[in-house]
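The values are calculated or read from the model by the stated rules, or taken from the named source; none is laboratory data. Note that this is a predicted model, so its numbers are computed, not measured. Methodologically, a virtual Cβ is constructed for each residue, glycine included, from the backbone with ideal geometry; neighbour enumeration extends over all protein chains shown. Note: areas computed on protein heavy atoms with side chains; ligands, DNA, RNA excluded. Shrake-Rupley method; radii C 1.70, N 1.55, O 1.52, S 1.80 Å.
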Amino acid sequence: MSKISDLGEIIREFGPHLHDAPYDGWRADREIERMVPTHCPYCGMQCGLYLLVERGRVVGLEPRYDFPVNEGRLCPKGVTAYLQVHHPDRLLHPLIKRDGKFVRASWDEALDLVVARFREIQAKHGKDALAVYSGSSLTTEKTYLMGKFARVALGTRYVDYNGRLCMVSAAAANLKAFGVDRGSANPWSDIPLAEVLLIAGANCAETFPILNKFLWQQRDNGGRWIIVDPRQTPTARQGDIHLQLKPGTDVALANGLLHVIIEEGLTDDEFIADHTVGWDEVRSTVARYTPQVAAEITGVPAERIVAAARLYGRARTAMVFHARGIEHHSHGVNNALAYINLVLATGKIGAPGRGYGTITGQGNGQGGREHGQKADQLPGQRSISNPEHRRAICAVWGISEEDLPPAGVSVVEMFERMRRGEIRGLLSLCNNVMVSLPDTNTVRRTLEELDFYVCIDFFMSESARYADVVLPGTAWSEDEGVTTNGEGRVVKINRANDPPGEARHDWWIICEIARRLGRGKYFPFQSPRDIFEEIRLASRGGNADYYGMAWEKIEQNNGIFWPCPTPDHPGTPRMFEDHRFYHPDGRARFHAVEYEPPAETPDEEFPLILTTGRVVYQYLSGNQTRRIKFLVDQCPEPYVEIHPETARRLGIQDGERVRVRSRRGEGIFPALVTETIRPDTIFIPYHWPEPQAANLLTNPVLDPVSKIPEFKACAARIEKLKGGALPLYGATRKGASQSEA
């Protein structure tokens, strides 16, 4: 019997229900007991806000003007975030699947079953037969706990986090180039000081709306923008030069830009000589990427490449930012390294208005990978393969070095091992693989074939429906701890309400499983503060050093930038101010990278390039935002952007439903005919599940270094449906057009 045979019944019982208000709506006579300062649960901006609490319930929010990142501003998701807290879809008690149906269980019954099955699987198949997959929309305390739980409580090497699907290409490139992985080398307050911004693969207007505060301050100061994107996004339409390249050709474009900068004498030769390694090889490599060669590969006119190179190269101050548009590729690390080469060649780093950064997607995308839940990392951004690093963490954890497992593999590779039967059980927290992983059809089969699957969540996600046990966890307003935003600022999340029903804190669930496994002495935590204090010790001396932080210090200063090695240290808003980098010799590394095409390119059968991305009204897998009526009203379903020239050739009308196919699957989407997309490219947003999941189509091939899937480029085709276009879910045209605004 399929593990999901009761899908229809589960959907009817567990939602999603669209929800306008937490219970009886806003009233002017509300008696607000508390205004709790905290931060938005969504993107890496981590905007400050106040949650309003009445009789123990979160009933609204107020702007928080003291937090310098947003100064009271919030995007549509942030404004409505509080509506998820008391949503009728909240999971309120443990669920165990019996005969294909979920039934209510006590905590003792559920946890005893989890522990019994974990022991059974490991006794029969070995410790590595269990895997842990966690998230980055969690407090750092919980991300630390998940890495420690996998390695100490379960003794498995297989642990990873969903930032693997987000910013790991940038992380790997940062480590290669700078010897340290911090998403942004500069605070965002430096952005207005830059004469030129080069933004590659980042549609800030929709995916990071509040960052526009800093971008428009830069514009007000006379600044200019260079935008690199296959789509004419709202961000690109605001720019001065739009380099509308073919998806997956970023290395050729960046090498072409650097070629012009070298030819026109715009490099900083003193900086290169004093602070870098590897320049000669890079110079030799990019000599072959003339503007004409780069134009032939990318589809960007040569004269536009020259103009962009001159604008960036001649600027006294400039900053480079990129995001998933260049990182979600089988050559994502090389894409990022090619842009870093531009920064190093011009010496535009380490000073106000001279810097580099990746625009982090998830709320705690930075903190979520710093302290041990990434497959190859230990707390403090240490390497699990480094003997000295292993010794340091084993001393903090009180375990022998031989008991610490070696490095694991990425989540996509973990799923490959599940399909082969090497991994038989899975514990997941804060992720939704049935929407977020590529090649959804294969993911579904993998979940169905697992011996045992445990999911901790506060909503019944598309993935949790395949679980054997679902444990009700906490929403962000019920948590306390820290997160690290995209600029490296550690901020404090404060608890506003208790978990509803029988839901328990995620950290308590993990510690209780460890206790029942007989490993409780390694998890003596009675509160998130206890976990944070251990993080301080475990990170001490590492790249991501939190030792000098305290919760009170973080709140008093509106956040502390790491590294912060001592209690009297103010934190480090701007990295590399002394032009000393984190490699042993203090020098940054150039990397010569050659252009390689995406793993799958258009052909006669699949003549188009499919790329995917976000819209402003939804977030990641949509498990939270697809339950908020206002957000659903604005963008109720995904669509496929098609250029008018392509639409005419295929006989497709605007708004007509079409079938999109790739070598892995298919989906039916309404067509949004728009001149903002390239004629050889189509775009589908990815926040929805089957049957309209963009990841039914995407390619699971991985970058060889970061192991990130190639979400942003695969071969596809569009087919006109017989019998015309019938709506599936309603007013898509409203949502589609607004997401373009």
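Spot the failing condition for residue 189; the list is (1) open to solvent by 10 Å² or more (accessible area, probe 1.4 Å); (2) polar (S, T, N, Q); (3) assigned to a loop (DSSP other than H, G, I, E, B), and only one is missed.
Single failed check for residue 189: (3).
Could you grab me the full set of residues in region 455-478 that are open to solvent by 10 Å² or more (accessible area, probe 1.4 Å) and either within 24 Å of residue 543 (Cα to Cα) or in contact with a strand residue (DSSP E or B) (Cβ under 9 Å, 6 or more places away or on another chain) (or both)?
Residues satisfying the conditions are 457, 458, 465, 466, 468, 476.
Any residue in region 494-515 that's within 17 Å of residue 482 (Cβ to Cβ): show its pairings with residues that are surrounded by 18 or more Cβ atoms within 10 Å (Cβ to Cβ) and hydroxyl-bearing (Ser, Thr, Tyr) at Cβ separation under 8 Å, as long as the two are six or more apart or on different chains.
Once the first residue is within 17 Å of residue 482 (Cβ to Cβ) and sits in region 494-515, its partners that are surrounded by 18 or more Cβ atoms within 10 Å (Cβ to Cβ) and hydroxyl-bearing (Ser, Thr, Tyr) give 494/38; 495/477; 496/38; 496/477; 505/474; 506/474.
Condition first: open to solvent by less than 10 Å² (accessible area, probe 1.4 Å) and either modelled with pLDDT under 95 or assigned to a loop (DSSP other than H, G, I, E, B) (or both). Now tell me which residues in region 417-428 satisfy that.
Taking region 417-428 as the starting set, the residues that turn out to be open to solvent by less than 10 Å² (accessible area, probe 1.4 Å) are 423, 425-428.
Of everything in region 417-428, just one residue is open to solvent by less than 10 Å² (accessible area, probe 1.4 Å) and either modelled with pLDDT under 95 or assigned to a loop (DSSP other than H, G, I, E, B) (or both), namely 423.
Exactly one of these conditions fails for residue 133: (1) touching a Cys at 6+ places or on another chain (Cβ under 7 Å); (2) under 27 Å from residue 334 (Cβ atoms); (3) of a type in the set (Ser, Thr, Tyr). Give me its number.
Here residue 133 clears every test but (1).
Just the residues that are among the basic types (Lys, Arg) and out of contact with any helix residue (DSSP H, G or I) (no Cβ under 7 Å at 6 or more places or on another chain), please, taken from region 443-481. Walk me through it before giving the result.
First, the residues of region 443-481 that are among the basic types (Lys, Arg): 444-445, 465.
Listed by number, the list holds a single entry, 445.
So is residue 339 closer than 22 Å to residue 176 by Cβ and touching a strand residue (DSSP E or B) at 6+ places or on another chain (Cβ under 9 Å) or not?
Taking the combined requirement at face value, the residue satisfies it.
Just checking, does region 376-386 include any residue being surrounded by fewer than 18 Cβ atoms within 10 Å (Cβ to Cβ), in contact with a strand residue (DSSP E or B) (Cβ under 8 Å, 6 or more places away or on another chain) and free of Cβ contacts under 8 Å to residues at least 12 places away in the same chain?
Yes, there is a match, as at least one residue in region 376-386 is surrounded by fewer than 18 Cβ atoms within 10 Å (Cβ to Cβ), in contact with a strand residue (DSSP E or B) (Cβ under 8 Å, 6 or more places away or on another chain) and free of Cβ contacts under 8 Å to residues at least 12 places away in the same chain.
Scan region 219-235 for residues that are in contact with a strand residue (DSSP E or B) (Cβ under 6 Å, 6 or more places away or on another chain) and either surrounded by fewer than 23 Cβ atoms within 10 Å (Cβ to Cβ) or of a type in the set (Lys, Arg) (or both) and jot them down.
224, 225, 231
Go through the residues of region 392-401 one by one and say whether even a single one is under 16 Å from residue 159 (Cα atoms) and surrounded by fewer than 19 Cβ atoms within 10 Å (Cβ to Cβ).
no
Exactly one condition in (1) within 18 Å of residue 702 (Cα to Cα); (2) open to solvent by 50 Å² or more (accessible area, probe 1.4 Å) is not met by residue 414; state its number.
Just one mismatch for residue 414, condition (2).
Can you name every residue in region 517-553 that is over 30 Å from residue 178 (Cβ atoms) and open to solvent by 50 Å² or more (accessible area, probe 1.4 Å)?
Hits for region 517-553 are 518, 519, 521, 524, 526, 529, 530, 552.
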